[in-house]
Amino acid sequence: MQMIGVIKTFPSPSGPVEVLRHIDLVIQPGEFVLITGPSGSGKTTLLNLASLMDSPTAGEVVFDGARVSTMDDGALCAVRKRKIGMVFQRFCLLSNRSAFDNVLFRFRYVEGVNVDAVELASKALATVGLSRMGDRLARKLSAGEMQRVAIARAIALKPDLLVADEPTGNLDADSAMTVMECFRQLNEQGITVLMVTHNEALRGYATRHHVCRSGVLE
Amino acid sequence: MKDEAKNMSPSLQHSNTPILHHATAPSPRLLLSPLLRDLLDGIRAEPARVALSFMAVTIGMVALVLLLAVLGGLRERARVLVRELGANVFAVRTAATGESGRKQDLEEKHAVILRENLPGCSVSAFQRYELNARDVGQAISIIATDESLSGVRGWTVRQGRFIDRSDVRNAERHAAISVGLAGLKKWKPGDMVSLENTAFKIVGIVDPGTAALESGSSDAGLGVGENVIFVPRTAPFPRQRDSREMSHRVDAIFVQATADEDFHRVLVVAQKLLQAPALGLDGISWVTPESLLQGIRRLQGSVRVAGGSITFLCLVLGGTTLMSLMVANVRDRVVEIGLRRSLGATATDVAKLFVFEACAVTFSAGVVGLVVAGLILLLIREKSSLLVSIGASGLALPLVLSIAMGVIFSYWPARMASRISPSEALRNE
């Protein structure tokens, strides 16, 4: 994934606000890139651009050799579907479904729920150490367990890039460490990780660390 | 923390990852299609709002089915009336009073005039008497008529025969009875029956229809009723001897044009013949299929406007309730929309989700509405004389309309949902 001179502005009553300023970033396969920075520095915006959930105002994002600006909504969705896994601060689980069903939901827009999907979802759940929790409703899990289910959902399709937005932001210290350990193991297994957080203490898990301040990457 | 970390699989790619049975065995819900699971989740997320929308649409559907059933009943009644009158048949009968204020009776001579001047047409007349109940223990009508009545009215002879020309010419004491009377009294051809001390031999059983012309029509008097005995008009029935005037009176004359004849031309000729000043018949009324249907058509129009307005309002109310449900649903599920987009859902996928949810609510409301309306219609049939009828198209229309309502009233919320930017949706997280 590559960002070349990326600028992102948002409209506001007082005129456009430039949130990201000339971002140049290259993430190589197998890296664990951590971006830290204070609130409002543009971390999440950068992550949204990297995960193709948003498009830059100027500059170019290149994913897997393809220029994102040339892709239509269908093509962007296809890339997100197959190549990108996302983990969110508040987990984004379907509370009425079991942990296993939440992981299986990764395949909702992939052709059909077949035996492979069930097997891959089971493996992903096992990977984050929640095999025994598969039948439990998501809303009955602890915060740490919820985040691990969210990670299992993100990795179930073996994505090229795993992006995480403040994945430990809602967790206590022990759960946060468990989750970070999970990310480290996944990275060791070859999954590229891009994570943003305001927690500088997590930099030790990453292979590369950037600081985002006022829309500029240092 | 360390213990939990140890629980993790050493490798995502490792094919021998120990997987417990309960984690791998798909739950029964997995057998449902993903779309159906989405629908169930959507409904469970807002049960109260869904119930309100469901009720509102159901009420609209019940109103629609009842309206269709009442209109269908009126159509059915119109068909029955025309069928009972007979194919290509018109009738002339004595009005209550003539324009001059004195009673104007039709007589047998008027039927003769029509017979002689309308060659090729079948003409039949009848005179009705109410039989003294003491004789048979039941209210029975005696119809003194000729051999043509059964043919003109298109009745079916079930057993034996109707009275024939020979019976009329020879004034035979022969009688045909209606199916209703045959069932009631267990009479059959060959039995003898005493009518006011005059014995008649039953020669046949005839089915004179449902008596619709008798019971509900404004043209009451053309029907013959259910419990009827047909006797030759020439037979020595006691009441016919009451007076000379009475013996020549007829209650109605029926004229059947042949298929080759122009029905309206025959009608016009007949009207000219009987309205000739020389006859002095100024108090007769003409009954045609068109005149029979006039009242029903007026009623149909009123029901269509009044019932249709109420039904329309009910359906629009249901639709707007549904739309408010869907708008609230979209607002409450913005993060879910973002999640779905992050998992690869296109804008169309998101729109479809809300359209399908709305259609699931309206379609199930349509089905329940049909069932409830069906029960109400059964009650109406049991407890009232109102004729209601609904055909296959009447059953299909509410279902089709319910799906159309789902699509129409969820279009805007679904469009709203599909236009939410994925990053904006997740910002609400």
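All of the numbers you see were taken from the coordinates with simple rules; none came from a lab. Owing to the predicted nature of the structure, the values given are computational and were not obtained by experimental measurement. As a convention, Cβ positions derive from the backbone with ideal geometry for all residues, glycine included, and neighbour counts pool all protein chains shown.
Each helix, a run of at least 4 DSSP H residues, gives -39500 (n - 2.57); summed and divided by the residues of the protein assembly as shown, these come to -15000 deg cm²/dmol at 222 nm.
For the range B:37-47, backbone phi angles converted through the Karplus equation (6.51, -1.76, 1.60; θ = phi - 60°) give residue-by-residue couplings of 5, 4, 4, 4, 5, x, 5, 5, 5, 9, x Hz, Gly and Pro being listed as x. Sorted ascending by nearby beta carbons within 10 Å, beginning with the fewest, A:K140, B:K352, B:K383 become B:K383, A:K140, B:K352. Seen through its C-alpha gyration tensor, with square-root eigenvalues sorted a ≥ b ≥ c, chain A comes out prolate because a/c lies at 1.5 or above while a/b is bigger than b/c. Relative contact order, whole percent, for the range B:295-429 stands at 45, derived from Cα pairs under 8 Å and 6 or more residues apart. Between the residues A:L194, A:L20, A:C92, the greatest Cα displacement towards the positive end of the dipole of chain A, with unit charges on the Cβ of Lys, Arg, Asp and Glu, is found for A:C92.
Between the range A:116-191 and the range A:31-74, what is the separation of their alpha carbon centroids in Å? Distance between centres, Cα-based: 23 Å. Measuring against 29 Å, Cα to Cα, the residue pairs B:K109/B:K188; A:K8/A:K140; A:K43/A:K123; A:K158/B:K352 contain B:K109/B:K188; A:K8/A:K140; A:K43/A:K123 as the ones spanning a longer distance.
Per-residue 3J(HN,Hα) values for the range B:110-127, derived from phi via the Karplus relation 6.51 cos²θ - 1.76 cosθ + 1.60 with θ = phi - 60°, read 5, 5, 5, 4, 5, 4, 6, 9, 10, x, x, 8, 8, 10, 9, 10, 9, 10 Hz in sequence order (x marks Gly and Pro). Between 0 and 90 degrees, the angle of helix A:173-188 with respect to the longest Cα principal axis of chain A falls at about 80 degrees.
Most simply put, the protein assembly as shown has about 60% antiparallel DSSP beta bridges, counting only bridges with both residues inside it.
Per residue, the average separation of C-alpha pairs within less than 8 Å and at least 6 apart gives chain A a relative contact order of 32 percent. The peptide list A:168-180, B:175-187, A:147-159, put in order of mean Cβ contacts within 10 Å with the highest first, becomes A:147-159, B:175-187, A:168-180.
Close amide H contacts of A:Q89 (hydrogens built in the peptide plane, cut-off under 5 Å, sequence separation of 5 or more or a different chain): A:D165. Model label sites at B:W412 and B:A276, defined 7 Å from Cα along the beta-carbon direction, differ in position by 7.2 nm. Within chain A, DSSP assigns beta bridges of which about 45% are antiparallel (rounded to the nearest 5). Ordered by the number of other Cβ atoms lying within 10 Å of each residue's own Cβ, fewest first, B:S324, B:S384, B:S342 fall into the sequence B:S384, B:S324, B:S342.
Residue-wise HN-Hα couplings along the range B:304-313, as the Karplus relation 6.51 cos²θ - 1.76 cosθ + 1.60 with θ = phi - 60° gives them from phi, are 4, 6, 5, x, x, 5, 4, 4, 4, 5 Hz; Gly and Pro carry x.
Past the 24 angstrom mark, what percentage of all C-alpha to C-alpha distances in the range B:260-360 do you count?
Of all Cα-Cα pairs in the range B:260-360, 62 percent lie more than 24 Å apart.
Candidates B:V193, B:N88, B:I163 compared by Cα position along the dipole of the protein assembly as shown: farthest toward the positive end lies B:V193, with charges placed on Cβ.
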